[in-house]
Every structure is written in structure tokens, then in C-alpha cells.
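What follows is one structure encoded as C-alpha cells, with my remarks underneath.
The values are calculated or read from the model by the stated rules, or taken from the named source; none is laboratory data. What you see is a predicted model; the values in this text were computed from it and never measured. Glycine gets a Cβ as well: all are built from the backbone with ideal geometry, and neighbour counts include every protein chain shown.
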Amino acid sequence: MNRNIIFIIVLLFISGVYLYGKSYKDKTIEEKMIIRDTTLLDWKERTADSCGIPLPAMNIAINGYYALKSKDLLKNDSLLTIIDFSSPSTEQRFFILNIKNKKIIKNTLVAHGMRSGVNAAESFSNRRHSHKSSLGLFITKETYEGKHGYSLRLNGMNKGLNDNARKRAIVIHGADYVSEEFIAKQGRIGRSFGCPAVPMNEVTEIIDLIKNGSCLFIYHPSMLPISPEDLEKLP
């Protein structure tokens, strides 16, 4: 057999072993993040059923929460906030969960970026000036008084997905266009430049709950490697 062909076969074999080992290593890391608290597992599934948070969103958010907590990145580790952009803006898709007490303590409206979609968010970006929402894990940071009043800065924790949040000034702030009154007139809530804006009459309560080091997760089904429709087709 030609020596060049033998060399290529050996090279392919070594590459295969390396890739398998890397895949196994990644799988092992992922398995370490599996939730061991059976009471939390039961509560997670009940919460998904009762309040409408998609179970994939709960799974990713809680695993992300534990990953950040294991690195001591969460100073406020009692709370987990989930924003469910699989739901339209007319629905209350902002959830604050008390992980330790296993309760939902806040559920309200939240805006998406104006270029992410009209009533439903469908497109996302990490780029500056895109006026789109970003997905993924964030850590809440300090508060400040800005042009929108009392606001909360966010650090994006997923490289390439949301790590430009600070540069883009993606913050939680209040907005008059996030209200049931606006929905009654326009058929949807208003949209931001990419910030998860919340109702003006609830912003202080929300920020004071989750500020200074809690986990926030923004979800959309496009994050999944397989769509919910394809999952339903599986035997």
C-alpha cells in the first residue's frame, strides 16, 4: 500500500480518537451539571407546567445558575430570573424564581429589541447598534440613575452570544410602553433598543430584588440544537 495512503489512514485514526476523547470530556463536564436535588427537579417540572415557562428554558437556566454558582460568581444566589422570548410580548414572560424557597415571586411583562421582531422576538444579536435583544446567561450588576431612571447593568456571560452587553448598554429599566394600557391600544407592548425593559410601576421592586449578582437567563427556542417540533416527532 502506498505510504502516503497509510499515513493518511493513521492520521484519520488519531484524529478520531482525539475527537472522541474531547466529546467524552465535554459530555462528562455536562453530566456534572445535572441537577441532583430531586425536590428541585419535581418543582422545576411543576413550575414549567403551571406557569408556562418552557421546560428547556428551565433546564438551561437552572444548569446555568449552578454553573455560575459553582464558580462563586453569584453574590445574590437565592434568585434566578428567566425571560421567555418564546412567548409574545402581550404575555407575562418575565419570571423571578426563588431557587432556595422554590417559589415564583414575580411574573410580569418585558420588552424585546425593536429589530428582534414586532409582537414576537425572532432575531437576536450581540452587535452594538443592532437594536436587537441578546440571549443567554447574564449576571446582574450595579444600579444607576440614567436617562430611563433607575436602571440595572448586566454582564453577559456567553462569549459571542451576549458578552457585548456592557458595551451595548443592555440594562434593565422601566418604560411606559411596557403596560397593559399600551397593549390595549397597540395590540402589543412597545420595543426597546435591545434592553429587557419592564413596567415603570414595577421597575424599582424588580431591580431591588435581583441587583448585585443574581443570575438572569434570556431564552428563545433558537438556542436549542433541535426544535420543539422535531422533538415531538421522535419515537
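Out of all the residues in segment 58-70, is one or more within 14 Å of TYR219 (Cβ to Cβ), modelled with pLDDT under 95 and of a type in the set (S, T, N, Q)? Yes, segment 58-70 contains a residue that is within 14 Å of TYR219 (Cβ to Cβ), modelled with pLDDT under 95 and of a type in the set (S, T, N, Q).
Within segment 125-235, considering only helices (runs of 4 or more DSSP H) that don't extend past its boundaries, which have at least 3 residues that are farther than 21 Å from ASN107 by Cα and not small (Gly, Ala, Ser)? Quick ask: steps written out before the conclusion?
Values: elements: 180-186, 203-210, 228-233.
Answer list for segment 125-235: 228-233.
If the Cβ limit is 6 Å and pairs must be 6+ apart or interchain, which residue in segment 192-203 that is more than 15 Å from ARG93 (Cα to Cα) and free of Cβ contacts under 8 Å to residues at least 60 places away in the same chain pairs with which residue that is surrounded by fewer than 22 Cβ atoms within 10 Å (Cβ to Cβ) and of a type in the set (Val, Ile, Thr)? As it stands, the answer is none, since no pair meets every condition given. Identify the residue in segment 164-189 that is surrounded by 17 or more Cβ atoms within 10 Å (Cβ to Cβ) and either charged (D, E, K, R) or in contact with a helix residue (DSSP H, G or I) (Cβ under 8 Å, 6 or more places away or on another chain) (or both) and, among all such residues, is farthest from GLY64 (Cα to Cα). Of everything passing the filter in segment 164-189, ARG188 is farthest from GLY64 (Cα to Cα). The single condition from (1) in contact with a helix residue (DSSP H, G or I) (Cβ under 6 Å, 6 or more places away or on another chain); (2) under 30 Å from GLN186 (Cα atoms) that ASP77 fails is (2). Applying the set (1) at pLDDT 95 or above; (2) farther than 27 Å from ASP77 by Cβ; (3) of a type in the set (S, T, N, Q) to SER222 leaves exactly one unmet item: (1).
Within segment 39-57, one or more residues are at pLDDT 90 or above, in a helix (DSSP H, G or I) and in contact with a Pro (Cβ under 8 Å, 6 or more places away or on another chain). Report yes if some residue within segment 84-96 is small (Gly, Ala, Ser), touching a helix residue (DSSP H, G or I) at 6+ places or on another chain (Cβ under 7 Å), under 21 Å from LEU224 (Cβ atoms) and in contact (Cβ under 8 Å) with a residue 12 or more places away in the chain; otherwise report no. Yes, because at least one residue in segment 84-96 is small (Gly, Ala, Ser), touching a helix residue (DSSP H, G or I) at 6+ places or on another chain (Cβ under 7 Å), under 21 Å from LEU224 (Cβ atoms) and in contact (Cβ under 8 Å) with a residue 12 or more places away in the chain.
For segment 79-120, the candidate set comprises residues that are surrounded by fewer than 19 Cβ atoms within 10 Å (Cβ to Cβ) and closer than 14 Å to TYR65 by Cβ; within that set, the residue that is nearest to the chain's Cα centre (by Cα) is ASN98. Within segment 148-164, restricting attention to residues that are modelled with pLDDT of 95 or more and charged (D, E, K, R), which residue is farthest from GLU202 (Cα to Cα)? Among them, the one singled out is ASP163.
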